[in-house]
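What follows draws every value from the coordinates through simple rules; no lab data is involved. Source: prediction; values computed, not measured. Note that we place each Cβ from the backbone using ideal geometry, even for glycine, and neighbour counts take in every protein chain shown.
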Amino acid sequence: MTLRRIAAALVTAAGAHYDRLRTGHWERGMTGSRQDIAWERRRQLQVRQALAAGLAGPRVAEDARVRFLLACADYLIFAMDRLHVQDQALGVLLRERLAPDDTEPLRLLGAVNERLAMSRELVEWLRWAAGELRRDGPVALAVCEAGARRFTADFQGPAAAHRNPMAAWTTRLVTETDWMAIAGTTAASRAREAELYAAVQATAPAGADPETFAAGSQPAPAPTH
């Protein structure tokens with residue numbers, strides 16, 4: 001699938017999130033809030049830190065390295081796809097609720113969209129590299145390691161998450177019900193995240209367990225209903 005098609009799919013998914021937000025309907029069993037989004041992003045940061053540590057640490061057996069890289073890639077692709085849909089849906093909501101003369105937040109939204117585009121490109125590079133490794137095994141290790149290093153390095157640079165520049169407007173314009181729809185948390189998404197995170201832990205070499213990194217070990221927020 002090309003980057004253009006993937007980006008279009010993400011926008012479509014964001015639109016579906018936003019339709020639920022506007023109509024007040026979402027999947028049966030959907031929970032979530034701003035706290036869910038923050039928790040997901042802390043966990044994603046932990047896995048990114050684990051991946052960087054694993055890449056920098058002592059070499060391990062090739063098969064073990066393959067399993068770890070694929071586990072990290074699977075987690076990060078899942079988490080980043082959710083992040084992109086959430087941020088796109090939030091942007092759509094804010095654009096609808098901001099006044100036409102709110103030039104500063106509209107300018108900031110443009111900058112956020114630029115970072116989202118960069119982030120999507122990085123994820124697609126990682127998706128491609130992981131696909132090569134899954135198909136070819138250890139012979140593709142160098143390719144996947146290069147993709148993983150690019151992903152972790154670039155997320156320390158221009159595509160890195162920054163303090164929410166829209167905080168003043170999200171506080172005023174976005175309700176808890178809105179955040180629940182944007183989060184898009186379901187029992188299935190929670191279970192899949194837990195499964196992927198456990199795979200990273202199970203395959204992590206010494207010094208690369210995501211639980212040991214800065215975001216800290218915190219339980220998932222309790223369902224809101």
Non-local residues with an amide H under 5 Å from the amide H of T185, with H modelled 1.01 Å from N and Pro and chain starts lacking one, are T31
Of all trypsin sites (Lys or Arg not before Pro) in the range 27-93, which ones are in loop regions per DSSP and have a Cβ with at most 15 other Cβ atoms within 10 Å? R28, R59
Cα→Cβ-extended label distance, 7 Å offset, between E145 and T212, nm: 2.0 nm
Got a sec to turn the phi values of the range 45-61 into Karplus ³J(HN,Hα) couplings, 6.51 cos²θ - 1.76 cosθ + 1.60 with θ = phi - 60°, whole Hz, x for Gly and Pro? 4, 4, 5, 4, 5, 5, 4, 4, 5, x, 5, 8, x, x, 5, 10, 4
Extension length gain for W128 and E96 (0.36 nm per residue less Cα distance), in nm, is 8.0 nm
